[in-house]
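For reference, the structure is listed below as structure tokens.
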Amino acid sequence: MHDAIVIGAGPAGLQAALTLGRMHRSALQLDSGEYRNGTVQHMHNMIGEDGTPPAELRARARRELTAYDTVTVRDTAAQRIEGSATEGFRVTLADGSVERGRRVVLATGVADDLPAVPGLAPLWGLKAFTCPFCDGHEHAGRPIAILGPAPRAEHLIGLLGPVVGDITVVPVDGPLGDDDRARLEGLGVRDRKSV
Ligand SMILES: Cc1cc2nc3c(=O)[nH]c(=O)nc-3n(C[C@H](O)[C@H](O)[C@H](O)COP(=O)(O)OP(=O)(O)OC[C@H]3O[C@@H](n4cnc5c(N)ncnc54)[C@H](O)[C@@H]3O)c2cc1C
């Protein structure tokens with residue numbers, strides 16, 4: 001019976017495992033190898049790590065965990081969780097084996113639900129991004145397109161206006177209404193009408 005089974009080994013899960021190790025709790029960490037930023041070459045806007053490859057951060061965190069002998073990391077997926085905090089949890093792994101934990105830490109992250117725009121998925125994390133704070137500066141002075149509905153585009157224009165060059169709004173949910181178009185044109189933005 002582990003004190004905790006940590007499902008996920010991105011930054012959240014690795015931090016949880018480090019804390020458990022430092023508190024001498026036995027922890028099993030599971031990693032199915034699917035990270036939200038799996039395609040990203042360099043992370044930004046995190047002090048001490050601005051420009052670090054995310055894979056390097058994860059590898060370093062894993063090396064740090066080797067100093068704590070109560071923590072074990074396994075590169076496998078959890079397939080099923082049963083039980084409760086009173087009786088403990090049973091976690092079935094991809095190879096069919098079962099591990100037991102007094103607690104389960106869910107650090108499985110989130111998945112980005114991309115709009116159905118042809119060609120977008122292969123560019124994700126390489127030329128198409130989600131976060132102006134993470135990837136805006138890398139496009140300073142260059143033209144960009146914002147995919148999405150007008151209110152969201154307006155918000156992003158406010159954030160990115162001082163950073164990037166020309167901005168083209170590409171609505172993915174139908175043509176812009178007259179009001180939206182007028183507001184965006186007032187911000188000096190071109191509208192490609194639809195994808
Ligand atoms: C394109 C892009 C660029 C980004 N750039 C930045 C940036 O520059 N700076 C920044 O601070 N943030 C950036 N982010 C956000 C960053 O990726 C997330 O904040 C971060 O990855 C969240 O960490 P996490 O540990 O919660 O999840 P993740 O890193 O996604 O890790 C999830 C973990 O759960 C595991 N998992 C899931 N299901 C199971 C299962 N059933 N069994 C076992 N393991 C499982 C996965 O294998 C993985 O180990 C970016 C995101 C994207 C999409």
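The values are calculated or read from the model by the stated rules, or taken from the named source; none is laboratory data. Keep in mind that this is a model prediction, so the values were computed, not measured. Cβ sites come from the backbone with ideal geometry, for glycine too, and all protein chains shown count toward neighbours. Side chains are part of the model used for accessible areas, which takes the heavy atoms of the whole protein and leaves out ligands, DNA and RNA. Shrake-Rupley method; radii C 1.70, N 1.55, O 1.52, S 1.80 Å.
Numbers below:
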{"read-out": "Residue in segment 130-142 that is farther than 30 Å from Asp173 by Cβ, modelled with pLDDT of 95 or more and part of a loop (DSSP other than H, G, I, E, B) present", "value": "no"}
{"read-out": "Pairs with Cβ under 8 Å, 6+ apart, first in segment 34-52 and within 30 Å of Ala78 (Cβ to Cβ), second among the polar types (S, T, N, Q) and more than 6 Å from the ligand (Cβ to nearest atom)", "value": "His42/Thr52; Met43/Thr52; Met46/Thr52"}
{"read-out": "Condition check for Val110: in contact with a helix residue (DSSP H, G or I) (Cβ under 7 Å, 6 or more places away or on another chain) and either near the ligand (Cβ under 9 Å from one of its atoms) or assigned to a strand (DSSP E or B) (or both)", "value": "no"}
{"read-out": "Scope segment 1-44; condition more than 10 Å from the ligand (Cβ to nearest atom) and open to solvent by 30 Å² or more (accessible area, probe 1.4 Å); matching residues", "value": "Met1, His2, Asp3, Leu18, Thr19, Leu20, Arg22, Met23, His24, Arg25, Ser26"}
{"read-out": "Residue check for Leu184: modelled with pLDDT under 95, open to solvent by less than 50 Å² (accessible area, probe 1.4 Å) and not assigned by TED's automatic domain parsing to the domain that holds Gly13", "value": "yes"}
{"read-out": "Matching residues in segment 77-99 - criterion: being part of a loop (DSSP other than H, G, I, E, B) and surrounded by 15 or more Cβ atoms within 10 Å (Cβ to Cβ)", "value": "Ala77"}
{"read-out": "Qualifying positions in segment 45-71 - of a type in the set (S, T, N, Q) and either under 19 Å from Gly125 (Cα atoms) or open to solvent by 70 Å² or more (accessible area, probe 1.4 Å) (or both)", "value": "Asn45, Thr52, Thr66"}
{"read-out": "Residues (over 18 Å from the mean Cα position of the chain (by Cα), within 20 Å of Ala4 (Cα to Cα) and part of a loop (DSSP other than H, G, I, E, B)) located in segment 15-64", "value": "Met23, His24, Arg25, Ser26"}
